[in-house]
Amino acid sequence: MSYFQPEMEQAPRAVMRDLQSARLAETVRHVYAHVPYYRRLMDERGLTPADIRSVDDLPKLPFLTKDDLREAYPYGLLAVPLAEAVRIQSTSGTTGRRVVAFYTQQDIDLWDECCARAIVAAGGGKEDVVHVCYGYGLFTGGPGLNGGSHKVGSLTLPMSSGNTERQIQFMVDLGATILCCTPSYAAFLAETIIEKGLRDKISLKAGIFGAEAWSEEMRRDIEQKLGLKAYDIYGLTEISGPGVSFECAEQTGMHVNEDHFLVECIDPDTGKVLPEGERGEVVFSSISKKAFPLLRYRTRDICVLSRRPCSCGRTLIKMSKPMGRTDDMLIIRGVNVFPSQIETVLLNNGFPPNYQIIVDRVNFTDNFEVQVEMTPEMFSDTVKGIAAKEDDLLNSLKSMLGISPKVTLAAPRSIARSEGKAVRVIDRRKI
Amino acid sequence: MTIDQISVFMENRPGSLAEVTALLGGAGIDLRALSIADTENFGILRLIVSEPQRALEVLRAAEYVGSVTPVLAVPLADAPGSLAEVLRVLAEADISLEYLYAFITRQAGHAYVVLRVPDNARAAAVLAAGGIATACHEEIFA
């Protein structure tokens, strides 16, 4: 059994609590001094940094939501001078307003260490060849695992997403041992590798798969097809990226890197903190970041937390795989999609906001279809004429969402209108 | 000279064509010609009917999306080579076709070809110069 940072991963509870309390108090002082937004939130509640001395004081602080982040866009929550910030990452948001997260060099180092812990937990070391086909760029997946692999000292293949032929060629030729990507892409790679008869030519022993929901069934299927052990990883751009929590060999939940991220589980309706073992919304506070520390950020992910001792020897609290969302966000092929984004594009392109999103999973890959109703303005007597407008719509959707749906034109008034709230999303994925 | 064609958006599902023709039949509208362009997801039904404006109103009232498009109808002798001659004249003038379809009439030995071109006036002039006439609505429904 090996660990990247055993002193933290196996810290006795009391030691961890003291460290968390000190870091929380320091972070509160830091944001109160440097971020007017936080100062206002705290002043409104009559709180000063002196009121937050230990993790027990955490519930005194107000929650932060994605709306707060959008309101603060772009620089409102930046807690250091620009001179100290070295990177942004971003997540898609509604109506063109994205969420931007900032990092100092130290923030990136700590994030990379979190990912390094995940790689080591999956059996990775200096001798390994880590194949990263998460997207690189604004998406945190690629940069996170790439940085983690560097910290471990593994040979890193910065493949990014797409071009399956090339992915497989590098995997075979360079003898990749650890694969990092979304579970649906891993399943797709597995199918393709088997089709090409290359199953005996790959050397994968582990996979670190995250950024979207997947089932135990899917895990076993990928493990069997690729002959590896599949580990889950969790994260969100707002808090840092992948590596907020990670799975160990026990495969019974993800250890939260709680020396950096405090985790709470709350009742999404009342905001009340729930006891361990109860199902609720997970809330994170980043307590070691400098550029963009968030306190009590509501993730909208529904999970269960557990402090049951783990056979891997880590004392870090575990969270279950997210079991759902408290809002209408969909995760399709690892990308966050809000129905309201689709509505915005339709309105901008002169369509009525009557649409339906149909998501299905076929051969472990998400199928994403947007059905819109034909309008007199869109209609033409030639196929070419309609296809051109269909293309415009598809391109606008693609640039708003970052992924490409299939657009299907439906007859006018054929999409069901219900009395109350229209059914906008049909998610047929069985996860 | 042009005639009015109506075009209707059709979903690819069983019964949709039956619905449209039943609506038009019920309204006493006579169909003279019909063609369907189909893609993977939808179809475009094109019709030459006795009363194009009223036909469109009937369909719109039933929530169909459609439009009226002026197209050329060229009378042809029902004999080998007559369509080839029309197409040769257009090709020589470098006129492209969006689509075409043909129909015969009650008069023996006569057929019509419906042509959808980017510029009706220019195509009609080119055809006329080649000794080829274009029909009007009244001629087709005579």
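Brief remarks follow.
- Residue that is surrounded by the fewest Cβ atoms within 10 Å (Cβ to Cβ) [pool: residues in region A:1-30 that are without any contact (Cβ under 8 Å) to a residue 40 or more places away in the chain and among the hydrophobic types (A, V, I, L, M, F, W, C)]: A:A14
- Here B:E57 clears all of (1) without any contact (Cβ under 8 Å) to a residue 40 or more places away in the chain; (2) within 14 Å of chain A (Cβ to nearest Cβ); (3) in contact with a strand residue (DSSP E or B) (Cβ under 9 Å, 6 or more places away or on another chain) except the condition numbered (3).
- A single member of A:R429, A:R325, A:R413, A:R424 is more than 30 Å from A:S161 (Cα to Cα), surrounded by fewer than 20 Cβ atoms within 10 Å (Cβ to Cβ) and of a type in the set (D, E, K, R), and it is A:R413.
- In region B:25-54, residue nearest to the other protein chains (Cβ to nearest Cβ) [restricted to those that are without any contact (Cβ under 8 Å) to a residue 60 or more places away in the chain, touching a helix residue (DSSP H, G or I) at 6+ places or on another chain (Cβ under 6 Å) and buried (at least 19 other Cβ atoms within 10 Å of the Cβ)]: B:V49
- A:A186, sole failed condition from (1) more than 10 Å from A:L228 (Cβ to Cβ); (2) in a helix (DSSP H, G or I): (1)
- Test result for B:I132, under 13 Å from B:A77 (Cα atoms) and assigned to a loop (DSSP other than H, G, I, E, B): yes
- Selected residue (criterion: surrounded by the most Cβ atoms within 10 Å (Cβ to Cβ)) from residues of region B:108-119 that are within 14 Å of another protein chain (Cβ to nearest Cβ) and in contact with a strand residue (DSSP E or B) (Cβ under 6 Å, 6 or more places away or on another chain): B:L115
- Yes/no for A:P339 being touching a residue at least 40 places away in the same chain (Cβ under 8 Å), farther than 30 Å from A:F4 by Cα and more than 14 Å from chain B (Cβ to nearest Cβ): yes
- From A:L58, A:L47, residue being crowded, with 16+ Cβ neighbours inside 10 Å, assigned by TED's automatic domain parsing to the domain that holds A:G153 and either acidic (D, E) or part of a helix (DSSP H, G or I) (or both): A:L58
- Conditions (1) part of a helix (DSSP H, G or I); (2) more than 20 Å from A:R298 (Cβ to Cβ): number failed by A:Y75: (1)
- Hits in region A:238-252 - residues which are assigned to a loop (DSSP other than H, G, I, E, B) and in contact with a helix residue (DSSP H, G or I) (Cβ under 6 Å, 6 or more places away or on another chain): A:S240, A:C248
- Cβ pairs under 8 Å, 6+ apart, first in region A:368-380 and facing chain B (nearest Cβ under 8 Å) and assigned to a loop (DSSP other than H, G, I, E, B), second among the polar types (S, T, N, Q) and crowded, with 20+ Cβ neighbours inside 10 Å: A:F379/B:S7; A:S380/B:S7
- Single residue of A:T104, A:T95 found to be of a type in the set (S, T, N, Q) and either crowded, with 19+ Cβ neighbours inside 10 Å or modelled with pLDDT of 95 or more (or both): A:T104
- Residue satisfying all of: in region A:341-357; within 14 Å of A:S396 (Cα to Cα) and among the polar types (S, T, N, Q); surrounded by the most Cβ atoms within 10 Å (Cβ to Cβ) among these: A:Q341
The values are calculated or read from the model by the stated rules, or taken from the named source; none is laboratory data. Nothing here was measured: the structure is a model prediction, and the numbers come from that model. Virtual Cβ from ideal backbone geometry, glycine too; neighbours counted across all protein chains shown.
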